[in-house]
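Read the structure below first, then the notes.
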Amino acid sequence: MSRKPITVTQPYLPPLEEFIPYLEQIWDSKTLTNNGPFHGQLEQALCNYFGVEHMALFANGTIALITALQTLRISGEVITTPYSFVATSHSLLWNNITPVFVDIDPQRMGLDPGKIEAAITPRTTAIMPVHCYGYPCDVERIEHIADTYGLKVIYDAAHAFGVRYQGESLLRHGDLSILSFHATKVFNTFEGGAIICPDAKTKQRIDFLKNFGFADEVTVMAPGINGKMNEFQAALGLLQLQKVDAAIARRREIDVVYRDALAGVPGITLLQAPPDTEHNAAYFPILVEPDYRMSRDELYASLRAEDILARRYFYPLISDLPMYRGLPSATPDCLSVARSVSQRILCLPIYPDLAAEDQQRVIDIVAS
Ligand SMILES: *Cc1c(COP(=O)(O)O)cnc(C)c1O
């Protein structure tokens, strides 16, 4: 009998029959994209859900990151983390910006604010931190540094859907925040993304940029890109949004089961969101320490042998990839925390449909 592999995450999908009426509306109206009715409804619904004033939907999170940098006319050097998905730094290269890697804080897994100032040069224009695993960065200290030096802050909040920090949406921080609605994320529209911005004027600039730069039929204000979310994605988003609180609640239950089962396993360190955080349990990261009974990669392989596809998010470091490793800031000694974490990290399967017996199989292998 063949069992399905247990992947690190699985897309959360509504019952197909609930999606059909949305598709019928699209087929009837023949409005497929370009700011259709579902697009407008989803922007409004997500603003309400997060408690933010403005957001612009995108075809995916990477185009949103690239467009966010264009929106604020960022150039020169941007301080960012080597401990993320490659899209964070790639968005800088696509804008001819030099990434300057700064080490991470071993608790929050985001940029270490204590190490940012030393990396600022006359060419620095912005900071691009990542709320890794949805754990809030030290937003107060990062924003204090940005204010002191006149820098912009663009958060890659791809992991942070629904995360609240100090009683409000984490997305309220920074000049801009970027979300991803990729299939693997807590909330998905197959592919998709968004920029959260503070004012209507910025939203208008983003909306122009994501539609080739068109300000009206005959005016093109900048060499924009095609970053538009289509009506199929937006309709799916509206339906998913009705389910997302239940999905996050279920993720949290799975998180608690792991925590109870794995606390006290020698050589395993459990990570957790900083205080004052209502987390989304997007990931379940553990650190496999040197005193564990086998190495991280051996544990990864033992799980794989049982068709359990845990992932090393994030290994390798972005700064070790061929297009980045020649940068002065990619020198390994400057990034010792990120390097050490990336050698110990393993993310265990967590998704709303993860069956209790499957989770138990994961636990049995890790804890045995
Ligand atoms: C998923 C992800 C992205 C990219 O989003 P896409 O929607 O897949 O383009 C960017 N940054 C981080 C940290 C991510 O996890």
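The values are calculated or read from the model by the stated rules, or taken from the named source; none is laboratory data. What you see is a predicted model, and the numbers here were worked out from it, not measured in a lab. Virtual Cβ from ideal backbone geometry, glycine too; neighbours counted across all protein chains shown.
Worth pointing out:
- Residues that are small (Gly, Ala, Ser), within 12 Å of the ligand (Cβ to nearest atom) and crowded, with 22+ Cβ neighbours inside 10 Å within segment 46-78 comprise 61, 64, 68, listed in sequence order.
- Checked against the criterion of being of a type in the set (Val, Ile, Thr) and either outside the structural domain of residue 131 (by TED's automatic domain parsing) or in a helix (DSSP H, G or I) (or both), segment 220-235 has no qualifying residue.
- Matching entry among 166, 204 (being more than 11 Å from the ligand (Cβ to nearest atom), on the phi > 0 side of the Ramachandran plot and not hydroxyl-bearing (Ser, Thr, Tyr)): 166
- Of the strands (runs of 3 or more DSSP E) lying entirely inside segment 46-101, the ones with 3 or more residues being touching a Ser or Thr at 6+ places or on another chain (Cβ under 6 Å) are found at 98-101.
- Checked against (1) more than 20 Å from the chain's Cα centre (by Cα); (2) closer than 23 Å to residue 334 by Cβ; (3) part of a loop (DSSP other than H, G, I, E, B), residue 137 passes all but a single condition, namely (1).
- Complete set of residues in segment 271-307 that are in contact with a Lys or Arg (Cβ under 6 Å, 6 or more places away or on another chain) and closer than 25 Å to residue 166 by Cβ: 274, 278, 281
- Whenever a residue of segment 316-331 is over 15 Å from residue 84 (Cα atoms), its partners that are crowded, with 16+ Cβ neighbours inside 10 Å, lying with C-beta atoms within less than 6 angstrom and at least six residues away or across chains, give the pairs 329/100; 329/101.
- Filter result for residue 178 (over 24 Å from residue 10 (Cα atoms), part of a strand (DSSP E or B) and either within 16 Å of the ligand (Cβ to nearest atom) or not acidic (Asp, Glu) (or both)): no
- Looking only at residues in segment 93-116 that are out of contact with any helix residue (DSSP H, G or I) (no Cβ under 6 Å at 6 or more places or on another chain) and farther than 16 Å from residue 345 by Cβ, the one that is surrounded by the fewest Cβ atoms within 10 Å (Cβ to Cβ) is 96.
- Any hit, segment 16-26, residues being of a type in the set (Ser, Thr, Tyr), within 16 Å of the ligand (Cβ to nearest atom) and in contact (Cβ under 8 Å) with a residue 40 or more places away in the chain: no
A quick yes/no check of all residues on (1) within 16 Å of the ligand (Cβ to nearest atom); (2) more than 15 Å from residue 46 (Cα to Cα); (3) small (Gly, Ala, Ser); (4) surrounded by fewer than 24 Cβ atoms within 10 Å (Cβ to Cβ):
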site: 123; (1), (2), (3), (4): no, yes, no, yes
site: 135; (1), (2), (3), (4): yes, yes, no, no
site: 152; (1), (2), (3), (4): no, yes, no, yes
site: 158; (1), (2), (3), (4): yes, no, yes, no
site: 162; (1), (2), (3), (4): yes, no, yes, yes
site: 183; (1), (2), (3), (4): yes, yes, yes, yes
site: 189; (1), (2), (3), (4): yes, no, no, no
site: 192; (1), (2), (3), (4): yes, no, yes, no
site: 208; (1), (2), (3), (4): no, yes, no, yes
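- Members of segment 1-32 that are in a helix (DSSP H, G or I), under 30 Å from the mean Cα position of the chain (by Cα) and among the aromatic types (Phe, Trp, Tyr): 19, 22
- Test: residue in segment 262-277 that is within 15 Å of the ligand (Cβ to nearest atom), of a type outside the set (A, V, I, L, M) and either part of a loop (DSSP other than H, G, I, E, B) or outside the structural domain of residue 53 (by TED's automatic domain parsing) (or both): no
- Remark: pairs (first residue in segment 138-154, at negative phi; second residue polar (S, T, N, Q) and at pLDDT 95 or above; Cβ separation under 7 Å; 6+ apart in sequence or on different chains) = 151/124; 151/125; 152/125.
- Residue 86 vs. criteria within 15 Å of the ligand (Cβ to nearest atom), assigned by TED's automatic domain parsing to the domain that holds residue 223, of a type outside the set (Gly, Ala, Ser) and in contact with a Pro (Cβ under 7 Å, 6 or more places away or on another chain): no
- Boolean, residue 42 is more than 16 Å from the ligand (Cβ to nearest atom) and of a type in the set (A, V, I, L, M, F, W, C): no
- Qualifying residue in segment 312-320 (condition: assigned to a helix (DSSP H, G or I) and within 30 Å of residue 164 (Cβ to Cβ)): yes
- Residue in segment 337-353 that is farther than 28 Å from residue 81 by Cα and not hydrophobic (A, V, I, L, M, F, W, C) present: yes
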